[in-house]
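Report on the following structure.
The values are calculated or read from the model by the stated rules, or taken from the named source; none is laboratory data. Predicted model, so just to flag it, every value in this text is computed and none were measured. Backbone-built Cβ (ideal geometry, glycine too); neighbour counts: all protein chains shown. What goes into the accessible areas is simple: the full protein's heavy atoms, side chains included, and nothing from ligands, DNA or RNA. Shrake-Rupley method; radii C 1.70, N 1.55, O 1.52, S 1.80 Å.
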Amino acid sequence: MTAFILRRLLQSLGVLIAVALIAFLMFRFVGDPVNQMVGIDTPQAEVARLRQELGLNDPILVQIARFIANAARFEFGISYQFRLPVTQLLAERAPATLELALVSAIFSLAVGIPMGVYTALRRDSALAKAFQAVSLIGVSLPTFLIGILLIYLFAVTLGWLPSFGRGQVVRLGSGWSTGLLTVSGLKALILPSITLGLFQMTLIMRLVRAEMLEVLRTDYIKFARARGLKTRAIHFGHALKNTLVPVITIAGLQLGSIIAFAIITETVFQWPGMGLLFLKAVQSVDIPIMAAYLMMIGFLFVVINLVVDLLYALVDPRLRATIGSA
Amino acid sequence: MSSPLPGQPVLSVRDLRVEFATRRGVLKAIDGVSFDIARGEVLGVVGESGAGKSVTGSAVIGLIEPPGRIAGGEIVLSGERIDNLPAEALRRIRGKRIGMIFQDPLTSLNPLYTVAEQLVETIRTHEDMTARQARTRAIDLLAEVGIPAPERRIDSYPHEFSGGMRQRVVIALALCAGPELIIADEPTTALDVSVQAQIITLLKKLCRDHGTAVMLVTHDMGVIAETADRVAVMYAGRIAEIGPVREVVSRPLHPYAAGLMGAIPTLDQDIGRLVQIPGSMPRLTAIPPGCAFNPRCPRVFDRCRVDRPEPIEHRPAHKVACHLYDPAERSAALEAQP
């Protein structure tokens, strides 16, 4: 088990170094950062001094090594646009994005799994067919359109929910601002979470349905029936547990993409999170923020993958054996 | 709960018909099958794939999946009719009074549960026992089916057992509640030959000890000859011949059964080429009128093409569905000879 974790950690490190190289390349190829920082009337000597100060005159390998070494200490330099440390900027906005992603993920799992199970068990019922139809809309409509439609219906027409922002937030401890503790914060979370989670929810629903139908056809389910086990025990004990093994992987990876692709939802709802910060950074070629964001998303995916692998072993004894002996 | 009266068969199937509604019309998978199995008796059911062997087994235990359905006939278990019971009553019978063993032990067990969990769950579904009592019973069962060190092995997962050991676990699961009848659907097909013999010996011993009736579905005549007391030869959803295993194997009556026995290779006779039956079994959508075997039959005559033969008791306890054995045909044929 320890050997397995160690090997996976090494692999993860390799992935992160590769991501760091790509992030670093942005400095070289996405415009000249110095031009972004200086005005037209800055004297040439000043430009040269800045260039030296930023280390842009060093050999490329030295620059790469410095970037990776800094990244390992979560230092990504100073934002060109805000003149503040990037880490601080991201940390300020992380709670907004993470809360949004968490609520979206809970929504997509808590609604998607039961809907998938229902549509698999009651294939021919009218409700199951309605779920199937809705899920088709969910996977095919683009996120921003869903966001805009929800805003139009619930914020503009009905006026029940706010159309933008986080509502009132409460500061927890030193750095974490939460919207989960106030009514306006919770109300503000509803529409963005649904918008962000709808695609994942329908994906999970369709995945659970397909897996469940597959599992219900297996010999061990037939044998469970032949042993006279109660239908509930067969469906929710034997079948569901086997169904969830592959769902865990997909759900885990989806959590990563929920965080990574919150950009669009955050833009539609003007959600003050990391995605919105990233989009502003792209508009003003604020490369340190872009690089840091890229690194952070890469890091998240690596961590999630590792957790998913370990979770897998927890659920499936066959993997436990192979991992244990590795 | 009715225990079988002396002389009453454990299982009695009368004129069973099973149909599958498909887009291309109704398929008659089983069309008028009747047989009995007595206490402690092993009935072998043989035939080519698609002859309706497995469907008969599924029908008896009430596990025909839609679009299939029992379209007619009766299934009587120890004097009680069970084919028309509501789903919940039928579920109580499954596992409790009828056990079933499937073909592939590698896929019959749920990979995510230990053997103990699966055994205890099954025992407690049918018997009013505490978890501790059920576990003791489960260990006894594993010992009985020949799993060494059962008190240690019981907490293993299915993948930690070999194929033969898994089939023993499957048998233990089928025996959990001491059923009157076991339906074994190709229980040895997926196993090594050496393991096959062990499993067959085990099955035979258990049934002798408990007086359990067995319906042994297989296409392996060797297994039948070793294990069964009586054998039913199925063809295109009907029983062609049914009788004591010794007679059917050595002196088959039905031309199809004769062809089947002729196709078994023997070591002591060097016959060069194996006898084979020309043609193949008809599709269920295109069963010929009259006797379903008539297009392949070497002894076919006019009546076979129009008139479907019903089982005739040609010898005591040995029935055959073939016009050749109709007394009326016999006298006619004798008269025709010079």
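Brief remarks on what is shown
- Within the shell of other residues whose beta carbon sits under 10 angstrom from the beta carbon of B:Thr189, the net charge comes to -4, with Lys and Arg scored +1 and Asp and Glu -1.
- In the protein assembly as shown, the portion of solvent-accessible area held by carbon and sulfur atoms comes to 61 percent [1.4 Å probe, whole percent, DNA, RNA and ligands not counted].
- Segment A:Ile68-A:Leu145, length gained on full extension (0.36 nm per residue, minus Cα span): 23.9 nm
- A cut-off of 5 Å between modelled amide H atoms, ignoring neighbours fewer than 5 places along the same chain, links B:Gly72 with B:Arg17.
- Backbone geometry of region B:306-323 corresponds, through the Karplus equation with coefficients 6.51, -1.76 and 1.60 at θ = phi - 60°, to 3J(HN,Hα) couplings of 10, 10, 7, x, 9, x, 10, 7, 7, 10, x, 6, 10, 10, 9, 9, 7, 5 Hz, x marking Gly and Pro.
- Considering only A:Leu306, A:Leu121, A:Met274, and ranking their Cα positions along the charge dipole of region A:86-325 that arises from unit charges at the beta-carbon of Lys, Arg, Asp and Glu, the one farthest toward the positive end is A:Leu121.
- Here chain B is treated with +1 on each Lys and Arg Cβ and -1 on each Asp and Glu Cβ, and its dipole about the Cα centre works out to around 400 debye.
- Debye-formula intensities of region B:1-154, expressed as log10 I(q)/I(0) at q = 0.11, 0.17, 0.18 Å⁻¹, are -0.56, -1.14, -1.21 (one equal scatterer per alpha-carbon, no solvent).
- Residues A:Phe261, A:Phe299, A:Phe278, A:Phe223, ordered by accessible area of protein heavy atoms at a 1.4 angstrom probe radius and largest first, appear as A:Phe261, A:Phe299, A:Phe278, A:Phe223.
- From phi via Karplus (6.51, -1.76, 1.60), per-residue ³J(HN,Hα) for region B:212-229 in Hz, x at Gly/Pro: 7, 7, 10, 10, 9, 8, 7, 10, 9, 5, x, 4, 4, 4, 6, 10, 7, 8
- Cα long-axis angle, helix B:327-336 against chain B (0 to 90 degrees, to the nearest 10): 30
- For the protein assembly as shown, the Cβ-based charge dipole about the Cα centre amounts to some 780 debye (Lys, Arg positive; Asp, Glu negative; other atoms uncharged).
- A:Val183 - accessible surface, heavy atoms, 1.4 Å probe, Å² rounded to 10: 110
- Isotropic mean projected area of the C-alpha convex hull, chain B (nm²): 20.0
- Highest-MSF residue in chain A out of A:Gln132, A:Gln52, A:Gln81 [GNM, Cα springs under 10 Å]: A:Gln52
- Whole-angstrom gap from region A:99-159 to region B:127-181, using each part's C-alpha centre: 45
- If you plug the beta carbon distance of B:Glu310 and A:Leu181 into 1/(1 + (r/R0)^6) with R0 = 60 Å, you get a FRET efficiency near 0.15.
- Ranking by accessible area, most exposed first, for A:Trp271, A:Trp176 with a 1.4 Å probe: A:Trp176, A:Trp271
- In this label model, B:His219 and A:Leu21 are separated by 5.6 nm, measuring between points 7 Å along each Cα→Cβ vector.
- Label point distance in nm, A:Val170-B:Ala71, each placed 7 Å from Cα along Cα→Cβ: 6.9
- The protein assembly as shown: calculated mean residue ellipticity at 222 nm from DSSP helix runs of at least 4, using -39500 (n - 2.57): -16500 deg cm²/dmol
- Accessible area ranking (1.4 Å probe, heavy atoms, ligands and nucleic acids excluded), largest first, for B:Arg23, B:Arg166: B:Arg23, B:Arg166.
- At R0 = 35 Å, FRET efficiency that the Cβ-Cβ distance of A:Lys230 and A:Val303 yields, to 0.05: 0.30
- Put a plus charge on the Cβ of each Lys and Arg, a minus charge on the Cβ of each Asp and Glu, and nothing anywhere else: the dipole of chain A about its Cα centre is then about 1480 debye.
- The heavy atoms of B:Lys28 present about 90 square angstrom of accessible area, all protein chains included, probe 1.4 Å.
- For chain A, the longest principal axis of the C-alpha atoms and the axis of helix A:240-260 are separated by about 20°.
- Seen from a random direction on average, the alpha-carbon convex hull of chain A projects onto 22.1 square nanometres.
- Förster radius 35 Å - calculated FRET efficiency between A:Ile106 and A:Gln11 (Cβ-Cβ, nearest 0.05): 0.75
- Label-to-label distance, nm, for residues given as A:Ile137 and B:Ser162 (7 Å Cα→Cβ offset): 5.9
- Unit charges at the beta carbon, dipole of region A:86-325: most positive-side option, A:Val247, A:Tyr220, A:Leu161: A:Tyr220
- Under 5 Å between amide hydrogens, built in the peptide plane, is the criterion, and for B:Val45 it picks out B:Leu216, B:Val217, B:Thr218, B:Ala232 among residues at least 5 positions away or on other chains.
- Note on A:Thr267: accessible area approximately 50 square angstrom, rounded to 10, probe 1.4 Å, nucleic acids and ligands left out.
- Buried accessible area, chains B and A (both chains, 1.4 Å probe, Å² to nearest 100): 2200
- A viscosity of 1.002 mPa s and a temperature of 20 °C, combined with the Kirkwood radius over C-alpha pairs in the Stokes-Einstein formula, give region B:180-220 a diffusion coefficient of 203 µm²/s.
- Whole-Hz couplings from phi, Karplus 6.51/-1.76/1.60, listed for region B:200-207; x for Gly and Pro: 5, 4, 4, 4, 5, 5, 4, 5
- Evaluated at q = 0.06, 0.08, 0.09 Å⁻¹: base-10 log I(q)/I(0), Debye formula over Cα of the protein assembly as shown: -0.54, -0.78, -0.89
- Each principal axis of the Cα cloud of region A:1-115 was taken in turn, and the coordinate range along them, longest first, works out to 65, 35, 22 Å.
- Looking at the protein assembly as shown alone, DSSP beta bridges between its own residues are antiparallel in about 65 percent of cases.
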